[in-house]
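Notes follow once the structure below has been shown.
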Amino acid sequence: MLTSCPSKDQLKQIKSTPMSTKLLELDRRYFDAWHNHDADAIAAAFAENSTYTHPALPEPLVGGPAVAEWAKTVWTILPDFKLDLVSRDATENGIVVNEWVYSGTDTGPHPDGTPPTERAAKCPGVTISQYEGDKIRWQRVYTDRLDEQLQYGNVELKQAQHVQVGS
Amino acid sequence: MNALEVAQRQVDAWNGHDADALIALYAEGATYHSPRFDHPLKGKALGDFLKSVLTAFPDFRLEVISKGDTGGGLVASQWVIHGTHTGSFMDGTPPTGRTVAYPGASFLQVEGDKIQSEHIYLDRQTVAEQLGRKPK
């Protein structure tokens, strides 16, 4: 189709810079490390004293090794954990944003002794990372734990409807 | 007006508690996707929802943590919503009187000076915990 306006893909190409290309590649490697259960690569991706925030964590984690330990906990609970990318974009200020869907089956032991539910879940989320050089300075993960808990069978739909407000 | 400016107008409308200005930023047929809803909101339902948030949280404040244009009119933002729940939600949930500060992220697709779609990522469990809602 002929059009006078550039497509979204064309616009992205126009905005593409060597810096954004480098960031996207760094982020791809980090993302693959989660998908491939590679804790060392996760630890190495973060700068010293970097922070990692996730709704399931009461406080941000500090430093790559702490994030790698968290990843190991996730993979222990969900041994078949995998991550599928939906979109990955770099903004002009060194930030990379990626949307994903993770999937996994709750078959492994939980740190608090909770028995596995043996149920599978597929949940969307987004990770926003600030890069400094080739390391992550901070990273924040956004995902909906209520959706997760529903799928794993830890919460019934009626309970979820009760706790959810604003709809 | 570029996409970032439209996104800033949206933040200003939220923080100015100006529901009419907020609604006017969305294109006709624009869609709003949130884990709160199992279907995208549009039209009157979208307008009613936006108004109800400002009714439920009369002191609503949107704190932007980061905002960037990813190209093609797509703006990715992360933010924290601050507010005290002193008004009723559109679903009739009575006020809890609780103060919340919950984080989220959004993707705004802008075309021209209008929002075509908005995708919200937030943790409903965090919101429920802050409002003191527990499973029955």
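Bear in mind these aren't lab numbers, they're just calculated from the coordinates by the rules spelled out. Small disclaimer: the values here were computed from a predicted structure and weren't measured. In this analysis, Cβ positions are derived from the backbone assuming ideal geometry, glycine residues included, and neighbour counts consider all displayed protein chains.
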Note to self: Among the residues of the stretch B:22-36, are any touching a residue at least 40 places away in the same chain (Cβ under 8 Å), crowded, with 19+ Cβ neighbours inside 10 Å, more than 11 Å from chain A (Cβ to nearest Cβ) and assigned to a loop (DSSP other than H, G, I, E, B)?
What the structure shows: yes
- prompt: On the given criteria, is B:Thr126 part of a helix (DSSP H, G or I) and over 25 Å from B:Met1 (Cβ atoms)?
  reply: yes
Sole miss for A:Val101 among (1) part of a loop (DSSP other than H, G, I, E, B); (2) touching a Leu at 6+ places or on another chain (Cβ under 9 Å) is condition (1)
| Is it true that B:Asp48 is touching a residue at least 24 places away in the same chain (Cβ under 8 Å), touching a Ser or Thr at 6+ places or on another chain (Cβ under 6 Å), more than 9 Å from chain A (Cβ to nearest Cβ) and of a type in the set (D, E, K, R)? | no
When (1) in contact (Cβ under 8 Å) with a residue 40 or more places away in the chain; (2) of a type outside the set (A, V, I, L, M, F, W, C); (3) more than 15 Å from B:Gln8 (Cα to Cα) are applied to B:Lys114, the one that fails is (3)
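With the requirement that a residue be more than 7 Å from chain A (Cβ to nearest Cβ) and surrounded by fewer than 21 Cβ atoms within 10 Å (Cβ to Cβ), what does the stretch B:54-66 give you?
The answer is B:Leu54, B:Thr55, B:Pro58, B:Asp59, B:Phe60, B:Arg61, B:Leu62, B:Glu63, B:Val64, B:Ile65.
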When the stretch B:74-88 is checked residue by residue, the ones that are buried (at least 20 other Cβ atoms within 10 Å of the Cβ) and part of a loop (DSSP other than H, G, I, E, B) are B:His85
